[in-house]
Each structure stands twice: as C-alpha cells, then as structure tokens.
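Student: Pasting in a structure now, in structure tokens, and then I'll have a few things to ask.
The values are calculated or read from the model by the stated rules, or taken from the named source; none is laboratory data. For clarity, every value in this text was computed on a predicted model and none was experimentally measured. So basically every Cβ, Gly included, is an ideal-geometry build from the backbone, and we count neighbours across all protein chains shown. SASA here: full protein model, heavy atoms, side chains in, ligands and nucleic acids out. Shrake-Rupley method; radii C 1.70, N 1.55, O 1.52, S 1.80 Å.
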Amino acid sequence: MTDPCDASPYRRGGMQISDRLATMTLVSGGAGALIGGYLGGKHAARQYLAERAHRLPTTVEGWFFYQKWKNYRVVIGSLKGAGRYARRLGACVGAFVAI
C-alpha cells in the first residue's frame with residue numbers, strides 16, 4: 001500500500017517542505033553571494049577611482065600603492081556586497097518557498 005504523503009501536493013521534487021526550504025534558501029543565498037561579490041567589487045573600484053581622481057599618482061611607486069590599496073578596497077567591497085545580496089536573495093526565496 002502506498003503512503004498518502006507521497007502523493008501530497010506539498011511534496012515536490014521528492015523533497016519534504018523543510019528540506020526544500022533549506023535547500024532553496026542556501027542555493028539562492030550562494031547565488032546571491034556570487035552576484036553581490038561581483039557587483040560590490042565593481043562598485044568599490046569605481047568609488048575608489050572617483051574619490052581619488054583629483055590626486056592620481058605620478059610615480060611608479062605611487063601607482064603601485066594606488067593599485068595595492070584599490071585591490072584591498074575591492075576585496076572588502078566584494079565581501080560586503082556578497083553578504084548583502086546573499087541575505088536579500090536568500091530571505092526573498094525563503095519567504096517565497098515558505099508561502
């Protein structure tokens with residue numbers, strides 16, 4: 001005899017609701033982190049250039065340190081953007097799946 005829960009409309013993709021909620025939230029959070037890291041890094045690089053456009057370096061050593069600090073800012077901006085987008089997308093998809 002078959003289990004009535006197997007034919008339930010709440011069982012999609014062979015997963016229970018709780019498993020589906022956790023999986024979809026984590027996957028969408030990971031996708032949001034990738035997208036946010038990319039966008040956050042681009043935003044941080046452009047912001048760094050805009051803030052320092054009036055006093056660009058003129059020596060080789062100056063350009064070295066300019067790029068070095070720009071890279072640091074891009075990494076920090078990527079991490080912030082990744083966290084921001086992962087939380088947003090994960091929460092939205094989690095709410096959608098829960099409803």
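Student: Can you give me the % of accessible surface on the chain that is carbon or sulfur? Probe 1.4 Å, all protein chains present, nothing else counted. The partial results should precede the final answer.
Tutor: Values: 5020 of 7540 Å².
Within the chain, the accessible surface is 67 percent carbon and sulfur.
Student: If I fit a long axis through the Cα atoms of helix 17-52 and take the longest principal axis of the Cα atoms of the chain, what angle between them do I get, 0 to 90°, rounded to 10?
Tutor: 10 degrees
Student: Roughly how many debye, to the nearest 20, is the charge dipole of the chain about its Cα centre, given +1 on each Lys and Arg Cβ, -1 on each Asp and Glu Cβ, and no other charges?
Tutor: Dipole about the Cα centre, nearest 20: 580 debye.
Student: Round to the nearest 0.05 the FRET efficiency obtained for Y72 and I35 when R0 = 30 Å and r is the Cβ-Cβ distance.
Tutor: Efficiency at R0 = 30 Å is approximately 0.85.
Student: Also, I was wondering about something else. Relative to the longest principal axis of the chain, what angle (0 to 90°, nearest 10) does the C-alpha long axis of helix 60-98 take?
Tutor: Computed tilt is about 20 degrees.
Student: With every protein chain left in place, what is the accessible area per residue of the chain in square angstrom, probe 1.4 Å?
Tutor: On the way: 7540 Å² over 99 residues.
That works out to 76 Å² per residue.
Student: Moving on. Report the relative contact order of the chain, percent, no decimals, based on alpha-carbon pairs under 8 angstrom and at least 6 residues apart. List each step's numbers first, then the result.
Tutor: Values: 91 pairs, mean separation 46.0, N = 99.
The normalised contact order for the chain reaches 46 percent.
Student: Given the options S18, H54, L39, identify the residue whose Cα lies farthest towards the positive end of the charge dipole of the chain (+1 on Cβ of Lys, Arg; -1 on Cβ of Asp, Glu).
Tutor: Positive-most Cα among the choices belongs to H54.
Student: Which loop-located chymotrypsin sites (Phe, Trp or Tyr not before Pro) does the stretch 57-96 contain, where loop means any DSSP state but H, G, I, E or B and the Cβ has at most 12 other Cβ atoms within 10 Å?
Tutor: Sparse-neighbourhood loop chymotrypsin sites (Phe, Trp or Tyr not before Pro): none present.
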